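First comes the structure, then the notes that go with it.
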Amino acid sequence: MNKKINSAYLQEASKGLFKENPVFVLMLGLCPTLSMSAQVDNALGMGIAVTFVLVCSNIIISLLRSLIKNSIRIPAFIVIIASFVTIVELVVKAYIPSLSVLGVYLPLITVNCIILGRAEAFASKNSVLASALDGLGMGIGFTLSMLLLSLIREIIGSGSISLPFAKISIPVLSTHPVRVLSLAPGAMLVMGLLLALFNVIKDQKKTRKEAKV
């Protein structure tokens, strides 16, 4: 019985990594993903902020799910989410001013489709622990997706890797970067290629399952 429960919780925490990846499978939160993935440090900052808001809002919404009337659930969810976004903004301004480059995308976390979608589809219908794990898994999946996109774009497009406390130059690429990848068209190009890769992997898994049956 305990093994089944642990397996269920593990599934909730890991589904956001690939099976229900919010970016490459569910296609949610693409606006900040494309806009904030030109540099690794910005992508990491946005990913951590979204993960924090996801986990905290999922927990509170799950705790209050029996008290929130169906007719006002969306406004209630937005108020809860906005409260945690405000906390993130204040922390960034006070302690991590370098992340101010996230600009308008930081307050816009409030209406991020991933967060509101998980509140509506999962947290409002499930236990606190399951909701917390769901938020954590989705947040990590979102963060890893942004990091993958930003690594490709920054390494090839700028010839460097911007970390929170250092910037690493890549030999050859730093003097001969493919500049288009650091621009908006490059974001769309890399995103399209990664989506194609995810679809190929998904189709291969499906084919192997069918072959076993």
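Screening 100, 124 for residues that are more than 10 Å from residue 51 (Cα to Cα), open to solvent by 30 Å² or more (accessible area, probe 1.4 Å), over 16 Å from the mean Cα position of the chain (by Cα) and at pLDDT 90 or above leaves exactly one candidate, 124. Condition first: without any contact (Cβ under 8 Å) to a residue 24 or more places away in the chain, more than 26 Å from residue 168 (Cα to Cα) and in a helix (DSSP H, G or I). Can you find one or more residues in segment 92-102 that meet it? Among the residues of segment 92-102, at least one is without any contact (Cβ under 8 Å) to a residue 24 or more places away in the chain, more than 26 Å from residue 168 (Cα to Cα) and in a helix (DSSP H, G or I), which makes the answer yes. I want to confirm something. Restricting to segment 58-91 and keeping residues that are in a helix (DSSP H, G or I) and of a type in the set (Ser, Thr, Tyr), which single residue is most open to solvent (accessible area, probe 1.4 Å)? It comes out as 71. With respect to the conditions (1) modelled with pLDDT of 90 or more; (2) farther than 30 Å from residue 77 by Cβ; (3) surrounded by fewer than 19 Cβ atoms within 10 Å (Cβ to Cβ), residue 154 falls short on a single one, namely (3).
Note on segment 111-121: residues that are in a helix (DSSP H, G or I) and buried (at least 22 other Cβ atoms within 10 Å of the Cβ) total 4. Only one entry in 181, 144, 149, 194 is in contact with a Ser or Thr (Cβ under 9 Å, 6 or more places away or on another chain) and either surrounded by fewer than 19 Cβ atoms within 10 Å (Cβ to Cβ) or in a strand (DSSP E or B) (or both), namely 194. Filtering 170, 161 for residues that are in contact with a strand residue (DSSP E or B) (Cβ under 9 Å, 6 or more places away or on another chain), open to solvent by less than 50 Å² (accessible area, probe 1.4 Å) and more than 17 Å from residue 190 (Cα to Cα) leaves a single hit, 170. For segment 202-213, the candidate set comprises residues that are open to solvent by less than 100 Å² (accessible area, probe 1.4 Å) and over 20 Å from the mean Cα position of the chain (by Cα); within that set, the residue that is modelled with the lowest pLDDT is 211.
The values are calculated or read from the model by the stated rules, or taken from the named source; none is laboratory data. Not measured: the values here are computed from a predicted model. Cβ atoms come from the backbone with ideal geometry, glycine included; neighbour counts cover every protein chain shown. Surface accessibility is based on the protein's heavy atoms, side chains included, excluding ligands, DNA and RNA. Shrake-Rupley method; radii C 1.70, N 1.55, O 1.52, S 1.80 Å.
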